[in-house]
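Report on the following structure.
The values are calculated or read from the model by the stated rules, or taken from the named source; none is laboratory data. What you see is a predicted model, and the numbers here were worked out from it, not measured in a lab. Quick reminder, even Gly has a Cβ in these numbers, built from the backbone with ideal geometry, and neighbours come from all protein chains shown.
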Amino acid sequence: MKQVLMVAAENGAFKGAKVGGMADVIRDLPQALLSQDVRVHVAMPSYGFLAAQEHGEKLNAFSLEFAGGQQQVSVYRVNAASKEVGEGRSKVNQTKTYLFDHPLFNDGGQIYSHGDASRPFAADASKFAFFSLCVAKALVLEIIPRPDVLHLHDWHAGTLALLRHYVNEFSSLKSLPCVYSIHNLGIQGLRPLSGDQSSLFHWFSHYGDEIKQQGLSEVIDPTHSQCYNPMRAGIVLSDKVHLVSPSYAKEVLLPSAPEKGSYCGEGLEQDLQLKQQNGQVFGILNGCFYDENQDLAPTPWVEQAEATLLSWQGLGQHQVDHQYVRSVDQIALQRINRLLFSSHHSDSTNQTNRTNSTNDTNDTISTKGTDKRADSRFLLTSVGRLTDQKVLILRQTILSQTTDKTVTVLEAILQCLKRHQPNGLFVMLGSGDVKISQEFQMIASRYANFIFLNGYDEPLANTLYRQGHLFLMPSSFEPCGISQMLAMAQGQPCLVHSVGGLKDTVQHGVTGWHFSGDDLKAQGEQLIMALDTLLDSSQKEGYGSQAWKRVCANAKEQRFDWPKVAEQYCQSLYNQ
């Protein structure tokens, strides 16, 4: 079998080691590649807890120089043959994960550091530069078996491409085919070339002459000439560059225009254009695992949301003392409790009516157990991180169709929902930027049809995917995206910005709907127009109409299977 070593910062196979979509790929892709006679192993930091948590076997320890001092690093191996990787997924067989343990990787169990705004990426850049050096050293020392292909993921592993290409000690790695996957070009990890504790020549002072002799033109940031760019190093110094959707692979060849809401090549478009001209750029959509044995009658989303909020407070079910509840959760919890009271009261009344009715009970009993969306108010949903990538459009201001005043796009959505579905709700689950969460919390305090849940909980996310009527994903750019796939798998159609992986996975008018626009304002206006049309249709025909059900059915039939993705990896990236 062909052996591939993936070098990455995240891995969803392990509790606490997932932040974004890269973790899903590192978790799921090795399993799919086995069917193609490709065996994947993974290298990642231990972050101070993974080796112990996963009962890793200590393989070896070695010393190396970094940032002017000698460092001692331990390597642990986790055999994942018996590890379950998540609900509805099969076991990962034969995958080994090599965990690197050193205090520099430890940040209180966090994958990424919050850092200092005056020195962006400083802590993380040092951490991942050291990690790249550790992997290079472990390969040369054969602590990690030499693979047939070296596969690096995102800026965190870009420095390994530099070491492989520029430093004589690691020249034997140049004969390994090197693939570089870009999951998000918007984050590149820039640091100064020198003059800082977190800078290229401080990290590798002992290799400084060798690196300078090679020239720095391939790794200096195109815009900031005194900065090292690990993302650029990965692109320029690898043999093949992989983007996580076909449309994103085209978009990154164009210059970005943030003032127009266009996020494309982010300054690296010329490097990517050159790679494309040489036939070295490939766009392959990420996959998704499907649970064909899902619960047909899941917990109602309101009950799941209450349980989630209480768990965030460290409280048990029905043990709510509002003075001890996080202020950010107060409004959401109060509204959910009212919905639960209303639901229980309605269920009691309906039960009485059914008991007294002389009609056939088969005609009156609720279909709640068989149709997870029957007899419920219109539910608009959104699940994702609170970053400008995901919600910048929602924060733009436009003219309200209801009040003729300037409002944010998010407020316009809530006004539109109120007009067409007076009892409808917009439920958003997300965490991330504190400023954005505060903005959304303030809006939630003014709009009774908005429930903002500031955090992330996978069971609640899955419930919203299953029970929502329309999923909103307005990303300004989206390399691939997984939330829209998960919503569609549950028969929930999506309204998405027509970019990147969203455009590749959602077919307009067939499995969901698109909106677009030439700038941020136009994108916000087009989103509202699209939503207005959809809600107007749902109001007139009902979201139980045949037309709406057909789109739901089409969405549910879509399959973005990892095994098919694995075939493309082998053909395009691994020459299998």
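For the stretch 39-77, a residue qualifies if it is assigned to a strand (DSSP E or B) and free of Cβ contacts under 8 Å to residues at least 40 places away in the same chain, and the qualifying residues are 57, 58, 61, 63, 69, 70, 72, 74, 76, 77. Remark: residue 116 falls outside the filter, which requires a residue to be in contact (Cβ under 8 Å) with a residue 24 or more places away in the chain and among the charged types (D, E, K, R). Among the residues of the stretch 129-164, which ones are assigned to a strand (DSSP E or B) and surrounded by fewer than 24 Cβ atoms within 10 Å (Cβ to Cβ)? Passing the criteria: only 149. The set of residues from the stretch 467-488 being part of a helix (DSSP H, G or I) and surrounded by fewer than 24 Cβ atoms within 10 Å (Cβ to Cβ) comprises 467, 486.
So that you can scan it fast, the table gives a plain yes or no per residue for (1) under 23 Å from the mean Cα position of the chain (by Cα); (2) modelled with pLDDT of 95 or more; (3) within 24 Å of residue 74 (Cα to Cα):
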{"residue": "118", "(1), (2), (3)": "no, no, no"}
{"residue": "133", "(1), (2), (3)": "no, yes, yes"}
{"residue": "175", "(1), (2), (3)": "no, yes, no"}
{"residue": "178", "(1), (2), (3)": "no, yes, no"}
{"residue": "182", "(1), (2), (3)": "yes, yes, no"}
{"residue": "186", "(1), (2), (3)": "yes, no, no"}
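Return the only residue of 458, 439 being acidic (Asp, Glu), surrounded by fewer than 23 Cβ atoms within 10 Å (Cβ to Cβ) and under 20 Å from residue 417 (Cβ atoms).
That would be 439, the only listed residue that is acidic (Asp, Glu), surrounded by fewer than 23 Cβ atoms within 10 Å (Cβ to Cβ) and under 20 Å from residue 417 (Cβ atoms).
Scoring residue 427 on the criteria (1) assigned to a strand (DSSP E or B); (2) at pLDDT below 95 leaves a single failure, condition (2). Filtering 302, 241 for residues that are part of a strand (DSSP E or B) and of a type in the set (Val, Ile, Thr) leaves a single hit, 241. The set of residues in the stretch 273-288 being of a type outside the set (Gly, Ala, Ser), over 10 Å from residue 250 (Cα atoms) and free of Cβ contacts under 8 Å to residues at least 40 places away in the same chain consists of 274, 277, 278. Of all residues in the stretch 439-455, those satisfying the criterion of being farther than 12 Å from residue 408 by Cβ and touching a residue at least 40 places away in the same chain (Cβ under 8 Å) are 441, 444, 445, 448, 451, 452, 453, 454, 455. If the requirement is being surrounded by 19 or more Cβ atoms within 10 Å (Cβ to Cβ), of a type in the set (D, E, K, R) and over 22 Å from the mean Cα position of the chain (by Cα), which of these qualifies: 260, 275? Going through 260, 275 in turn, the sole match is 275.
Being assigned to a helix (DSSP H, G or I) and closer than 23 Å to residue 270 by Cα is the filter; apply it to the stretch 213-232 and report the residue that is nearest to the chain's Cα centre (by Cα).
First pass over the stretch 213-232, keeping only residues assigned to a helix (DSSP H, G or I): 213-214, 230-232.
After this cut, where a residue has to be closer than 23 Å to residue 270 by Cα as well, the list is 214, 230-232.
On the way: 214: 36, 230: 21, 231: 18, 232: 22 Å.
Restricting to residues being assigned to a helix (DSSP H, G or I) and closer than 23 Å to residue 270 by Cα, the top hit is 231.
Considering the stretch 91-109, the residues that are under 16 Å from residue 8 (Cβ atoms) and not in a strand (DSSP E or B) include one that is modelled with the lowest pLDDT, namely 92. Please verify whether residue 138 is farther than 22 Å from residue 54 by Cα and of a type in the set (Gly, Ala, Ser), treating the condition exactly as stated. When the stated conditions are applied, residue 138 does not pass them. Within the stretch 532-560, track down each residue that is within 21 Å of residue 485 (Cβ to Cβ), modelled with pLDDT of 90 or more and surrounded by 15 or more Cβ atoms within 10 Å (Cβ to Cβ). Those that are within 21 Å of residue 485 (Cβ to Cβ), modelled with pLDDT of 90 or more and surrounded by 15 or more Cβ atoms within 10 Å (Cβ to Cβ): 534, 551, 552, 554, 555, 556, 558, 560. Among 481, 501, 491, which is in contact with a Cys (Cβ under 8 Å, 6 or more places away or on another chain) and on the phi > 0 side of the Ramachandran plot? On inspection, the qualifying residue turns out to be 491. Every listed requirement among (1) free of Cβ contacts under 8 Å to residues at least 60 places away in the same chain; (2) out of contact with any Leu (no Cβ under 9 Å at 6 or more places or on another chain) is met by residue 3 save one, (1).
Of all residues in the stretch 100-121, those being over 15 Å from residue 132 (Cα atoms) and surrounded by 20 or more Cβ atoms within 10 Å (Cβ to Cβ) number 2.
Here residue 440 clears all of (1) within 21 Å of the chain's Cα centre (by Cα); (2) modelled with pLDDT of 95 or more; (3) within 30 Å of residue 553 (Cβ to Cβ) except the condition numbered (3).
Checked against the criterion of being free of Cβ contacts under 8 Å to residues at least 60 places away in the same chain and either in a strand (DSSP E or B) or outside the structural domain of residue 115 (by TED's automatic domain parsing) (or both), the stretch 198-212 contains not a single residue that satisfies it. Condition check for residue 434 on (1) surrounded by fewer than 22 Cβ atoms within 10 Å (Cβ to Cβ); (2) touching a residue at least 60 places away in the same chain (Cβ under 8 Å): one failure, at (2).
Any residue in the stretch 175-190 that is surrounded by fewer than 20 Cβ atoms within 10 Å (Cβ to Cβ), in the same structural domain as residue 155 (by TED's automatic domain parsing) and of a type in the set (Ser, Thr, Tyr)? Within the stretch 175-190 (the criterion being surrounded by fewer than 20 Cβ atoms within 10 Å (Cβ to Cβ), in the same structural domain as residue 155 (by TED's automatic domain parsing) and of a type in the set (Ser, Thr, Tyr)), the answer is yes, since at least one residue qualifies. Taking the criterion of being in contact with a strand residue (DSSP E or B) (Cβ under 7 Å, 6 or more places away or on another chain), in contact (Cβ under 8 Å) with a residue 60 or more places away in the chain and part of a loop (DSSP other than H, G, I, E, B), the residues of the stretch 165-192 that qualify are 177, 183, 190. Note on the stretch 237-246: among residues that are within 18 Å of residue 274 (Cα to Cα) and in contact with a Ser or Thr (Cβ under 9 Å, 6 or more places away or on another chain), the one that is surrounded by the most Cβ atoms within 10 Å (Cβ to Cβ) is 243.
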